[in-house]
Structure formats: C-alpha cells, structure tokens
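The values are calculated or read from the model by the stated rules, or taken from the named source; none is laboratory data. Everything quoted here is computed from the prediction, not taken from an experiment. Don't worry about glycine lacking a Cβ; one is built from the backbone with ideal geometry, like all the others, and counts go over all protein chains shown. Quick note on the areas: whole protein, heavy atoms, side chains included, nothing else; ligands and nucleic acids left out. Shrake-Rupley method; radii C 1.70, N 1.55, O 1.52, S 1.80 Å.
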Amino acid sequence: KPYFWRRPSQLLRRLLYAVRAWPDPPLVRLPWGLILECYPGEMIGESLIRTGVFEMTTTEALVRLVDPGELVLDVGANVGYMTSVLACAAGSNGSVIAYEPNPVVYQRLVDNVRAWDDLALAKIQLREAALSDRKGTAPLTIPEGGSEWAALGDRPIGRARSGTHTTVPVQTVTLDSELGDERVGVLKLDVEDHE
C-alpha cells in the first residue's frame, strides 16, 4: 500500500497500535507534519491510526485541485483532517473556512487547529454552523456513539450504529450570507445527506 511504502514508519505505528495502549485520544502525525487528535472508535480515527491518511483519493484530489493563495471551504469539517489538507495546499497566502455544526466535534476541530503552528499553512477560520439553504437554526441529530454520523434533520442517517440519538439545535448559514461575491477556489462538502 502506498501509505506504507512511502512511509515505512506508518507500518511500525500500525503494529505498535495493535500491541500497546495509545493515549486517549491518540495523536497522529499526518504525512505533511501536522498533529491531529483522533478517536479510534470513529472511521476517521481508525483510518488515521492504521494508515496515517483518510480517504486517500479525496485527499489527493484536494491537493491537486487547490491552488496556492485560494480561498477554500471545508463544509462538514469534522475534526479537521481535510481542513489540514486544504490549509497545506492553499499555503500561507490562502485561506480556509471550516464549517462544523456538531458542538462536540467542533470543539475537537478547534483543539486540533489550535495545535497547528505552521507558518506555511493558510489562515484558517472556524465556524460552528451548518451551511444550508437558509439562515436560522435546524435540528442536528447525533446518533449515540456515532458523532461522525450526525445529520441535519429529525432522524439519524442509516449508517449510524445505534437507533438511540439526541437532537440539538444548531445555527445554519448560507454561502451568500457568509461570502457575498467572494471567489471560492475549492469547496469540499461532506454533510451527511444535507447536500
């Protein structure tokens, strides 16, 4: 696999993860040098701990699509993995706006971004909001034990592991209200069926 061939240390990390306890939650060094706090019980965390990357094809596409100096958006930022990809690709003259409505996940995103002290990164702005077709509030349904599957609306999506869930009101904003006529280079969208 390419993530082991190009980074043999990642294979060693994967083996160590299998035999020893990691700090809870584990800190993973991404291939581009940034540290990300992740959660092994979630899909992103599991992938990062095992391979050091998440959705390799999407990661590669974003790196190739983003031009240095662009404004890029990470809609559905989760803990910030794709935010880190976009910030590296846009470079120090670019900017990234990351949207995450889930209050618990948003705090993880804030903690991760705060830990990145790299002058080559784009300026990162964080928004605790969901992009939608109107400004206001909407219910965010968070399945028990599956915050990564939270979705706008009054029912959890089918991939949630449990039928038990909580619903919290979250702020919704529109791109027009946020950006006006500002040009966006790349918009990454992962919003669990709220497209």
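Below, the figures for the structure above:
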{"quantity": "Segments 185-191, 90-96 sorted - mean Cβ within 10 Å per residue, highest first", "calculated": "90-96, 185-191"}
{"quantity": "Using distinct alpha-carbon pairs, which all enter the 1/r mean, Kirkwood radius of the range 51-132 in Å", "calculated": "12.6 Å"}
{"quantity": "With all protein chains modelled, accessible area of ILE124 [1.4 Å, Å²]", "calculated": "40 Å²"}
{"quantity": "Charge tally in the Cβ shell below 12 Å around LEU126, where Lys, Arg are +1 and Asp, Glu are -1, LEU126 excluded", "calculated": "0"}
